[in-house]
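For reference, the structure discussed in these notes is given below.
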Amino acid sequence: MERYWKRTACPHDCANGCGWLVETDGEKIYRIKGDPEHPASKGLICEKTAHYEHTVHHPDRLTTPLRRVGKKGEGVFEAIRWEEAVTEITTRWKEIIARYGAEAILPYSYAGCEHKIQYAAGHVFFDRLGAAQLERTICAKAQGEGFHQIIGSTPGVNLCDLHQNDYIILWGNSVRAVSVHACKEILEAKKKGAHVVLIETYETESAELADEVLLVRPGTDAYLALAMGRIQQQEGLLDQAFLEENSIGYKEFLDTLADYSAEQAEEITGVDKEKIRSVARGFARAKAPVIRVGAGVSRHQNGAMNVRCITAFAALSGSFAKKNGGISGNISSASAYDLSLLEPSDVQKKPVRTINMNQIGSALCERENGPIMSLYVYSANPACIAPNQSKILEGLAREDLFTVVHERFLTDTAKYADIVLPADMSVEHADLAASYGNLCIQKTEAVIAPAGECKSNFDTFALLGRAMGFEEALFQMTNEQVQAAILQTVTEQRAQLAPQEQERFEQGYAVLLKQPDSCAFATKSGKIEFLRPDLPESLPRYVAVERKYPLHLVVAPHKATLNSSFAEREELVEKRGRMSLLVSPGDAQRRGICDGAQIDVWNDLAHVRFYAKLHSGVPEGTVVAEGVYTQAQSINGLTVNALLSEELTDSGRAATLCGNTVEMAAISEEFTKD
Ligand SMILES: Nc1nc2c(c(=O)[nH]1)N[C@H]1C(S)=C(S)[C@@H](COP(=O)(O)OP(=O)(O)OC[C@H]3O[C@@H](n4cnc5c(=O)[nH]c(N)nc54)[C@H](O)[C@@H]3O)O[C@H]1N2
Ligand SMILES: Nc1nc2c(c(=O)[nH]1)N[C@H]1C(S)=C(S)[C@@H](COP(=O)(O)OP(=O)(O)OC[C@H]3O[C@@H](n4cnc5c(=O)[nH]c(N)nc54)[C@H](O)[C@@H]3O)O[C@H]1N2
Ligand SMILES: [Mo]
């Protein structure tokens, strides 16, 4: 059959939102390449998706519904028909609703597919069912809150514009792992003389891009930011005119800066005070300064405050008014779509209980306030990615918990399911792509038919809705019809596109929305709000966090995989290597730990075994776990997530993934250096 290229977009949870061209004959995908006409990704794609045809046509893909015949977690299933699966699910749910009420049913989903229709596909269904609600805050909610408290929803700098900057701070952003495009933009900026600073907890690969590397004690960034503000204040580097015109409460804020000093900053953050002075000066004097803020700094007990303080620092020298200046990290093109069709309309008929997705382990194990009797997981893999893994596994193993998992592969979570439903992939359905690293939007359509009996999230909820007897029009629709219905409302952002751009969007090209003026702050006052008397913390300040164990555990993304996704791809998993903990040589030596040896790592939650990987770029007192591993890839059945607590951030009720502490020891009898 004749092969041709079709335009589509990467569906993964990643700020880049790359454009793809896929080679197909209408039945199979043969090759994937970057779409050179995508305004942000400009023809580049990452190593994970370069051979996405291997994921789409992987022999391990789930292609039929399954019923569990083995023990929970064992992964032994028999194939069943969709009708049987749907009957079993709806029968069990009706029984549970009659006995415990609908709030005993809990959906669990995140951004396995970032595209807007599949992401939100279950919201109306579970609202209609009256199920418990899930707070979807595992990722960057505290980061968002931190920005929101000072600059509102002002969209920041596009990743694809970083080539314009002459001073770039990568603040807790593992750009080499998570964004090939930003790297290219930064390299282009460097060719024109840009200065790049990396502020990190350890020397990531991104250090190769940096002229200066500042390694901080995790969670102390707010102090660093405010001390740099103090230095600018003392050295006359503040942009008073900008602050006067564009902010409120800056005088009150400046009054508090006397509490911060470079000397004390060195003590608290561990960064040399001369380096701190140099960055404070360099950022203020630059013509086009920008700070790319990653989510890592916000994944702490003081996480939203860290982001608020970094943003306050960016404001003091007027960076927002400079060329492509200010903050990058607060941008999203999702609001170009009116997604109200996929959101419950009458904001909850009666209030239902809410479960925070970071506390799923406790929620499943807790019985007193009415137990969760059924869990429906889609586009997520909680057994691997959520905090407090031991508790989650204990909950998932409950014999009386009816678990349904809609998945592409038999993940660790799916192994605990009573019923598994096969999910299709983005090249097999229509959807709407948006990004959280640039302002691109793109309409996608099915390139090939779904594998086997796979169904999209939306089609599955429509089927379940009809089977439950729900009569709403939404449950009678298909992906294509939902896409068309959403696009009928031309939002303000899409209306601003030039006619030829609107045409290109209709034809499936990615288009870039208009970037608003960087000083049109989307706050109540229209200005940067240093002073917020309505918040518990009225001004940005450093909040210290108590630590129990001597080593600070940081989790970080790995470039070869994406959270627990891509575990099916052996070549990527191999590149990543075995489950290791990056340890400073000093901390290792003090505990008699050799490079490559197995170690026991623990805190109040669990004992997890790792291979020690000595790394001179990890400061003493910090240990790092890159990547998300599966149980089969682990040594003792647990991964780093067993050491992460369910504690939530200061604002945003997000995960404190980087705010945990541990101790470690060598395992002498099982010394396995190789
Ligand atoms: N290859 C790959 N790409 C990915 C992902 C992946 O797993 N792999 N995950 C995707 C997802 S879901 C997301 S949300 C994004 C995340 O992308 P980013 O926002 O860039 O990454 P983070 O996970 O926030 O982690 C970035 C860095 O934060 C640092 N960090 C942690 N705590 C602190 C701190 O207190 N101070 C400072 N200065 N730094 C700190 C960590 O050391 C880490 O290197 O990437 C997406 N892209
Ligand atoms: N240790 C550690 N833990 C982490 C992180 C970390 O860096 N380190 N990162 C954290 C972050 S930032 C995030 S956002 C979360 C992410 O956590 P999750 O959102 O759970 O992300 P994934 O692990 O990628 O799992 C997504 C699952 O969705 C499935 N999927 C993909 N597309 C579809 C679809 O269209 N339909 C259905 N039904 N399923 C689909 C995939 O096969 C995959 O198994 O993890 C967090 N946990
Ligand atoms: Mo995330």
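Could you check, for region 629-649, whether at least one of its residues is more than 28 Å from E394 (Cβ to Cβ), touching a Gly at 6+ places or on another chain (Cβ under 9 Å) and part of a loop (DSSP other than H, G, I, E, B)? Within region 629-649 (the criterion being more than 28 Å from E394 (Cβ to Cβ), touching a Gly at 6+ places or on another chain (Cβ under 9 Å) and part of a loop (DSSP other than H, G, I, E, B)), the answer is no, since none of the residues qualifies. Out of E205, E200, one residue alone is within 16 Å of ligand 2 (Cβ to nearest atom), under 30 Å from R285 (Cα atoms), in contact with a Ser or Thr (Cβ under 9 Å, 6 or more places away or on another chain) and open to solvent by 50 Å² or more (accessible area, probe 1.4 Å). It is E205.
When you scan region 64-100, how many residues do you find that are open to solvent by less than 30 Å² (accessible area, probe 1.4 Å), in a loop (DSSP other than H, G, I, E, B) and within 15 Å of L464 (Cα to Cα)? Matching residues across region 64-100 total 1.
Of all the residues in region 271-291, those that are open to solvent by 40 Å² or more (accessible area, probe 1.4 Å) and in contact with a Lys or Arg (Cβ under 9 Å, 6 or more places away or on another chain) number 1. Within region 224-241, if we keep just the residues that are in a helix (DSSP H, G or I), open to solvent by 10 Å² or more (accessible area, probe 1.4 Å) and not small (G, A, S), the residue that is nearest to ligand 2 (Cβ to nearest atom) turns out to be R230. Could you look through region 496-517, keep only residues that are part of a helix (DSSP H, G or I) and open to solvent by 60 Å² or more (accessible area, probe 1.4 Å), and pick out the one that is nearest to V124 (Cα to Cα)? Per the criteria, the residue is E506. Taking strands (runs of 3 or more DSSP E) as the structural unit, those lying wholly within region 392-486 and holding at least 2 residues that are touching a residue at least 60 places away in the same chain (Cβ under 8 Å) and of a type in the set (G, A, S) correspond to 431-434. K524 falls short on exactly one of the conditions (1) open to solvent by 10 Å² or more (accessible area, probe 1.4 Å); (2) in a strand (DSSP E or B), and that condition is (2). Number of residues in region 264-303 that are within 16 Å of ligand 3 (Cβ to nearest atom), touching a helix residue (DSSP H, G or I) at 6+ places or on another chain (Cβ under 7 Å) and in a helix (DSSP H, G or I) equals 3. Filtered by the rule that a residue be among the polar types (S, T, N, Q) and touching a residue at least 24 places away in the same chain (Cβ under 8 Å), region 353-391 gives T354, N356, N358, Q359, S362, S374, S379, N381, N388, Q389, S390. Could you look through region 26-51, keep only residues that are in a loop (DSSP other than H, G, I, E, B), open to solvent by less than 20 Å² (accessible area, probe 1.4 Å) and not β-branched (V, I, T), and pick out the one that is nearest to ligand 1 (Cβ to nearest atom)? It comes out as K48. Take region 626-663 and flag every residue that is touching a Phe, Trp or Tyr at 6+ places or on another chain (Cβ under 7 Å) and among the hydroxyl-bearing types (S, T, Y). The answer is T639, T661. The single residue among T411, T403 that is within 20 Å of the chain's Cα centre (by Cα) and either open to solvent by 10 Å² or more (accessible area, probe 1.4 Å) or under 21 Å from Q118 (Cα atoms) (or both) turns out to be T411. Among residues that are within 30 Å of A262 (Cα to Cα) and part of a loop (DSSP other than H, G, I, E, B), E546 is included.
The set of residues in region 1-19 being away from ligand 2 (no atom under 15 Å from the Cβ) and of a type outside the set (D, E) consists of M1, R3, Y4, W5, K6, R7, C18, G19. Checking S390, S435 one by one, the residue that is open to solvent by 10 Å² or more (accessible area, probe 1.4 Å), away from ligand 2 (no atom under 11 Å from the Cβ) and of a type in the set (G, A, S) is S390 and no other. Pairs are defined by a Cβ separation below 6 Å, a sequence spacing of at least 6 or placement on different chains, a first member in region 271-296 that is free of Cβ contacts under 8 Å to residues at least 40 places away in the same chain, and a second member that is more than 16 Å from ligand 3 (Cβ to nearest atom) and open to solvent by less than 10 Å² (accessible area, probe 1.4 Å); the pairs so defined are K273/A262.
Within region 468-476, does at least one residue satisfy the condition of being more than 25 Å from the chain's Cα centre (by Cα), small (G, A, S), more than 9 Å from ligand 2 (Cβ to nearest atom) and closer than 30 Å to L497 by Cα? Checking region 468-476: not a single residue is more than 25 Å from the chain's Cα centre (by Cα), small (G, A, S), more than 9 Å from ligand 2 (Cβ to nearest atom) and closer than 30 Å to L497 by Cα. Does K613 fit the bill of being out of contact with any Cys (no Cβ under 6 Å at 6 or more places or on another chain), open to solvent by 10 Å² or more (accessible area, probe 1.4 Å) and in contact (Cβ under 8 Å) with a residue 40 or more places away in the chain? When the stated conditions are applied, K613 does not pass them.
The values are calculated or read from the model by the stated rules, or taken from the named source; none is laboratory data. Since the model is a prediction, treat every value here as computed from it, not as a measurement. Reconstructed Cβ throughout: ideal geometry from the backbone, glycine too, with neighbour counts over all protein chains shown. Only protein heavy atoms, including side chains, enter the accessible area calculation; ligands, DNA and RNA are left aside. Shrake-Rupley method; radii C 1.70, N 1.55, O 1.52, S 1.80 Å.
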